[in-house]
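Trainee: Would you mind keeping the following structure in view while I ask a few things?
Nothing in this text is a laboratory measurement; each read-out follows from the coordinates by a stated rule. Source: prediction; values computed, not measured. Neighbour counts run over all protein chains shown; Cβ positions are idealised from the backbone, glycine included.
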Amino acid sequence: MLILGIETSCDETSLAIVNERKEILLNLIHSQIEIHQAYGGVVPEIAARSHIEIIDKLLAQAEQISGIGLKDIDAIAVTSGPGLIGGLIVGLMTAKGLAHYLDKPLIEVNHLEGHALAPKLTEDIEFPYLLLLISGGHCQILIVKDVSDYEMLGSTIDDALGEAFDKFAKMLGLPYPGGPMIEKMAQNGNENKYILPKAMVGRDNCDFSFSGIKTALKNIIDIQKDQGALSQDFICDLSASFQKTICTILEDRLTNAMAIYEKRYSGEKRFVISGGVAANNYIRSKLQLLCDRNGYQLFVPPLKLCTDNAAMIAYAGMERFKKGYISDLFAVPKSRWPLDGMLKEEKRA
Ligand code: KG4
Ligand code: ZN
């Protein structure tokens, strides 16, 4: 079985082919970062136009590079939400055109389900598992019970974690996307230099809030700017202090989530981190220690499968295909599409 995956929900245009042995036969990722950098973040209209310009070229390359003809594909999986609506339209229309022309099934994939199942592409992880989904648009803790079956334990009430990294980097004058830059700066910084607010810590839930830390960072940066240009040492120390604070918050929220998970499930304890921020090595190492302390086995997808890519969409599509979740050509893109309501929607359909 060969599944073609299409991903266009944000600023990566990506096409992939995955087979039933979970081999990634192709994973083309065209990043738009350069065109958005001048604006300090993703501009939705520019993103949509860029997806239109590139997607046909990628399709032509896909056949050339993989040696697999589109007619040999068994189904087409596409991100149909959540994400930026212009990009979603481009991906979904392309997928519908292909599905119609090739007379193959269309499988709509929730982008978050792509991230949630991505670690299963490279490792055999059984359901259920506890999932921390941290990306540019999302920050959630979920129990993954099965394909389509998710229970939300907590989520952010304001900014996503990747968004907090990106906004912090912008304040420091660092280029978009901020996460990798902050991680790099933090490596040479003193993480105990600045004390930052830890919103939600100590509360009896699994939610997050990052707007307070953002304001605190802005105040510290403004005071520093009044004294002159921001020094390298200042940027490194503040970045390291930010990452340390973030990890304290994650550890506290996850400790509550682990307690809930353990009340529901006995047996092996599995914990997965996914989404773009999971590429951060400092966060990975801190969460590894948390898992060691609590007896969890930690799974993190390889770097290339952490950030947006179509291989995870093709794989999630294959799992959905096996369960018979097939869409018709009336499918519509969804800018919002919570993971924990999916099973109810499918039972209604
Ligand atoms: O999953 P993703 O590629 O796109 C979304 O679905 O949002 O995540 C992108 C986010 C950006 O906010 C980026 O700054 C963040 O992931 N990111 C990182 C790192 N690499 C990417 N954040 C922290 N540390 C990193 N090394
Ligand atoms: Zn993503």
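Trainee: Got the relative contact order for the range 227-325 handy, in percent, Cα pairs under 8 Å and 6 or more residues apart?
Mentor: 26 percent
Trainee: Hey, with R₀ at 25 Å, roughly what FRET efficiency would LYS184 and SER211 work out to, going by the Cβ-Cβ distance, to 0.05?
Mentor: Once rounded, the FRET efficiency stands at 0.50.
Trainee: If you don't mind, there's one more thing I want to ask. If packing is taken as the mean number of other Cβ atoms within 10 Å per residue, what is the order of 170-176, 63-69, 241-247, 75-81, highest first?
Mentor: 75-81, 241-247, 170-176, 63-69
Trainee: Taking a ≥ b ≥ c as the square roots of the Cα gyration tensor eigenvalues, with a/c under 1.5 meaning rounded and otherwise prolate when a/b beats b/c, else oblate, which class fits the chain?
Mentor: Verdict is oblate for the chain.
Trainee: If a/c stays under 1.5 just call it rounded; otherwise compare a/b with b/c (prolate if a/b is bigger, oblate if not). Do that for the range 125-303, with a ≥ b ≥ c from the square roots of the Cα gyration tensor eigenvalues.
Mentor: prolate
Trainee: Of the options MET152, MET181, THR307, report the single residue whose Cα projects farthest towards the positive end of the charge dipole of the chain (beta-carbon charges: Lys, Arg +1; Asp, Glu -1).
Mentor: Highest projection toward the positive end goes to MET152.
Trainee: Magnitude of the Cβ-charge dipole of the range 125-303, K/R +1 and D/E -1, about the Cα centre, nearest 20 debye?
Mentor: The calculated dipole for the range 125-303 is roughly 200 debye.
Trainee: Counting only helical runs of four or more DSSP H residues, what would the 222 nm mean residue ellipticity of the chain come to if each run contributes -39,500 (n - 2.57) and the total is spread over all its residues?
Mentor: One gets -15000 deg cm²/dmol as the mean residue ellipticity at 222 nm.
Trainee: R0 = 51 Å: FRET efficiency of GLU151 with ASN281, Cβ-based, nearest 0.05?
Mentor: Once the sixth-power term is evaluated, E becomes 0.95.
Trainee: Still on this structure, please answer the following. Which order do peptides 8-14, 155-161, 335-341 fall in by mean Cβ count within 10 Å, highest first?
Mentor: Packing proxy ranking, top to bottom: 8-14, 155-161, 335-341.
Trainee: Something else: About the Cα centre of the chain, how large is the charge dipole given +1 on each Lys and Arg Cβ and -1 on each Asp and Glu Cβ? Please answer in debye to the nearest 20.
Mentor: Result for the chain is approximately 460 debye, rounded to the nearest 20.
Trainee: Given the Cα-Cα distance of LYS322 and LYS225 and 0.36 nm per residue of separation, how much length would full extension add, in nm?
Mentor: 29.3 nm
Trainee: By the scheme Lys and Arg +1, Asp and Glu -1, what is the net charge of all other residues having a beta-carbon under 13 Å from that of TYR296?
Mentor: Overall, the nearby charge balance is -1.
Trainee: Below 8 Å between Cα atoms, with a sequence gap of 6+, how large is the relative contact order for the range 125-303 in percent?
Mentor: In percent, rounded to a whole number, it is 26.
Trainee: May I pose another question? Distance in nm between label sites at ARG49 and TYR265, each 7 Å beyond Cα in the beta-carbon direction?
Mentor: 4.6 nm
Trainee: Figure the gain on full extension for ALA349 and LYS304 (residue separation times 0.36 nm, minus the Cα-Cα span) and round it to one decimal in nm.
Mentor: 12.8 nm
Trainee: With each label point set 7 Å from Cα along the Cα-Cβ vector, what nm distance links ASP74 and GLN232?
Mentor: 5.4 nm
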